[in-house]
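Where a number appears in this text, it was derived from the coordinates with a stated rule and is not lab data. Everything numeric in this text was worked out from a predicted model, so none of it was measured. Every residue, glycine as well, gets a Cβ built from its backbone with ideal geometry; the counts of neighbours run over all protein chains shown.
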Amino acid sequence: MQLQTIHHVAIIVSDYQKSKDFYVNQLGFAIIRENYRPERNDYKLDLKLGDCELEIFGIEGAPKRPSYPEACGLRHLAFKVTVIEEVIAELNSQGIETEPVRIDSFTGKKMTFFHDPDGLPLELHE
């Protein structure tokens, strides 16, 4: 098997414009391409952050994501950061709430969580 890396992660969002604004204007993802697919009545937005891509599908009427208790499937997306406090301050200045910083018991590194507009957990990890 010659898998090289993860090419992309795909998520479905309930409010396409709100999620596009969040990931592009607040988190700083770059738009690779954006397409409306009339045959599916949805949007597909391809974003880039470093070497990773995120696909956002704006599908009207998609069921809500189960969260608590956690369900099988994608648990969260994690972003590597250098100085977690600086990123937290920037998020908070944009009105994005973050959980208290804690230490990952396995890596000994600082980490915290925040959420996207649909409640998908997003992690910061030093």
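What's the angle, to the nearest 10 degrees (0 to 90), between helix 84-93's Cα axis and the longest principal axis of the chain? So the helix axis and the longest Cα principal axis differ by about 50 degrees.
Dividing the mean sequence gap of close Cα pairs (under 8 Å, 6+ apart) by how many residues the chain holds gives a relative contact order of 22 percent.
What is segment 68-126 by shape, rounded, prolate or oblate, if you read a ≥ b ≥ c off the alpha carbon gyration tensor as root eigenvalues and call it rounded for a/c under 1.5, prolate for a/b larger than b/c, and oblate otherwise? Verdict is oblate for segment 68-126.
In segment 77-126, what chymotrypsin sites (Phe, Trp or Tyr not before Pro) fall in a loop by DSSP, with at most 14 other Cβ atoms inside 10 Å? It would help to have the intermediate numbers written out before the result.
On the way: sites: PHE79, PHE106, PHE113, PHE114; in loops: PHE106.
Here the sparse-neighbourhood loop sites are PHE106.
Give me the net charge for the shell around GLY108: Cβ to Cβ below 12 angstrom, other residues only, Lys and Arg +1, Asp and Glu -1. Provide the component values of the computation, followed by the final result.
Working: positive: ARG102, LYS109, LYS110; negative: ASP104, GLU126.
With Lys, Arg at +1 and Asp, Glu at -1, the net is +1.
In this Cβ point-charge picture (+1 for Lys and Arg, -1 for Asp and Glu), the chain has a dipole of about 240 debye about its Cα centre. DSSP finds beta bridges in the chain, and of those with both partners inside it, around 70 percent are antiparallel.
If you take the alpha carbon radius of gyration of segment 1-63 and divide it by 2.2 N^0.38 Å, what ratio comes out, to two decimals? Numbers along the way, then the final one.
Working: Rg = 12.6 Å, N = 63, 2.2 N^0.38 = 10.6 Å.
Taking the Cα Rg and dividing by 2.2 N^0.38 Å, one obtains 1.18.
Loop-located trypsin sites (Lys or Arg not before Pro) in segment 64-126 (DSSP state not H, G, I, E or B) with no more than 15 neighbouring Cβ atoms inside 10 Å: LYS64, ARG75, LYS109.
Karplus-based coupling profile of segment 24-29, in residue order and whole Hz: 8, 7, 9, 8, x, 5, with θ = phi - 60° in 6.51 cos²θ - 1.76 cosθ + 1.60 and x standing for Gly or Pro.
Of the cross-linked pairs LYS44/LYS64; LYS64/LYS110; LYS20/LYS48; LYS18/LYS110; LYS18/LYS64; LYS64/LYS109, those separated by over 20 Å at the C-alpha level are LYS64/LYS110; LYS18/LYS110; LYS64/LYS109.
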